[in-house]
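The structure appears below as structure tokens.
The values are calculated or read from the model by the stated rules, or taken from the named source; none is laboratory data. The shown structure was predicted, so the numbers you read here are calculated from the model rather than taken from an experiment. Note: areas computed on protein heavy atoms with side chains; ligands, DNA, RNA excluded. Shrake-Rupley method; radii C 1.70, N 1.55, O 1.52, S 1.80 Å.
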Amino acid sequence: MKAHLEHLEFIDIAKGLGIILVVCSHTAYPDLMYYTSAFFVPIFFFCSGFTSTKKDIGFTKNFKRHATKLLKPYFFFSMLLLAYFHDFSLRAILGIFYSRYSLYPFGTEPDICHFMIVGNYPMWFLTCMVVAYLLYDLLIYNPKYQYLLIGVYLTVTAGMTFLPILLPWSLDTAPLMAVIMFCGTQIRKYFPDIFNNKKPHWLVIIAFALYLLLIPFCSDINISVRMYGTSMPTYLLAALTGCVVLTGVSRLIQGTLIGKGVQQIGIHSLTIFCIEIPFILFGKQLSDFLLPEMPSLQKDILTSLIQIIIAISGGYLLSVLLHKNEHLRKLVFQAMS
């Protein structure tokens with residue numbers, strides 16, 4: 001059995017749209033992506049589940065492949081950012097191994113104790129996905145207990161919202177991400193033609209209507225620090241419906257000039273995820289130098305657009321260069337054989 005289903009262009013496009021929104025969330029005006037806050041990170045988990053299937057290589061070997069493919073770039077780019085920011089402090093190094101933006105949730109402590117302080121804070125996503133893949137593989141390799149395990153994952157996730165600290169490697173949010181991955185797999189299984197045509201499938205239309213209803217409940221969402229908006233259940237539903245809609249939009253633009261451009265961004269989204277912050281900071285410096293005096297809102301919006309362009313372009317070019325060098329490609333991106 002194949003490790004993944006056939007390559008799907010619209011999945012790359014969905015990842016490309018997702019990484020553009022992720023970069024936007026770190027710019028001078030993150031409100032540009034307000035209506036997408038529930039799904040711009042879950043889309044990567046959804047896509048992973050949608051394109052994955054059970055492997056004959058065994059649970060342990062399969063998970064090791066997932067883990068090495070994520071952890072190799074995680075530690076490579078972490079070391080690169082330590083050197084770039086010239087910060088080898090204990091907190092910076094501890095942040096790499098704890099892999100969480102902060103120790104305390106927002107609003108619970110006067111000092112939330114920042115951990116990932118060398119521009120690596122978006123990279124919590126990679127270690128979260130490692131844990132999510134472990135939990136997801138447990139579901140796939142134990143079909144008799146799938147729904148029992150899902151109940152456990154959701155119960156544990158809800159219970160851990162009361163913890164006073166954020167757990168390392170997103171142990172408190174990864175179970176929910178594993179459920180989103182599994183939902184992607186189930187949608188592919190039970191609705192195999194959902195994204196086969198450019199005409200929206202009825203499920204995509206229903207998902208769009210539900211997401212519109214859920215938007216008022218999606219303020220203050222930040223999955224990196226365990227913020228689910230109004231509640232965890234509404235977040236989960238909004239994340240899933242939003243992922244279905246974004247994937248449907250991706251299928252709609254597949255084959256267009258815009259779709260082809262976004263697809264290339266999606267193919268290199270991992271590197272962009274890891275290295276976006278230095279480019280975003282450079283974009284802010286360039287904006288301050290180039291833009292004339294203007295109202296703060298206008299300047300923030302223009303600055304954000306400049307930051308997005310530079311971060312996406314810079315991360316894309318770096319990724320292309322790394323992939324062209326065979327030694328670096330194997331060192332940074334290749335999974336365990």
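What to note about this one:
- The relative contact order of the stretch 201-272, computed from alpha carbon pairs under 8 Å that lie at least 6 residues apart in sequence, is 28 percent.
- Sum of -39500 (n - 2.57) over DSSP H runs of 4+, divided by residues of the chain (222 nm, nearest 500): -21000 deg cm²/dmol
- Cα-Cα over 26 Å, subset of K189/K330; K198/K260; K72/K260; K72/K198; K15/K324: K189/K330; K72/K260; K72/K198
- [x] 6, 24, 37, 26, 7, 1, 0; [y] 5, 19, 20, 10, 10, 14, 13, 7, 2, 0; [z] 5, 24, 32, 26, 11, 1, with the label sought being that of the calculated P(r) over Cα pairs in 10 Å bins from 0, in percent: [x]
- Debye intensity ratio I(q)/I(0), log10, the stretch 1-154, q values 0.13 Å⁻¹ (C-alpha model): -0.77
- In order along the stretch 14-26, the Karplus-derived 3J(HN,Hα) couplings, from 6.51 cos²θ - 1.76 cosθ + 1.60 at θ = phi - 60°, round to 4, 5, x, 5, x, 6, 4, 5, 4, 4, 4, 5, 9 Hz, and Gly and Pro are given as x.
- Straight-distance candidates among the aspartates and glutamates for linking to K64, with alpha-carbon spacing under 12 Å and chain neighbours fewer than 8 residues away dropped: D137.
- Apportionment of accessible area to carbon and sulfur, the chain, percent (1.4 Å): 68 percent
- Remark: the stretch 28-185 carries 42 Å² of accessible area per residue (probe radius 1.4 Å; ligands, DNA and RNA excluded).
- Long-range amide H partners of M227 with built H, under 5 Å: N222
- Each residue of the stretch 237-243 was assigned a 3J(HN,Hα) from its phi angle through the Karplus curve 6.51 cos²θ - 1.76 cosθ + 1.60 (θ = phi - 60°); the sequence is 5, 5, 4, 5, 5, x, 5 Hz, with glycine and proline shown as x.
- Taking every C-alpha pair closer than 8 Å and separated by at least 6 residues, the mean separation divided by the residue count of the chain gives a relative contact order of 29 percent.
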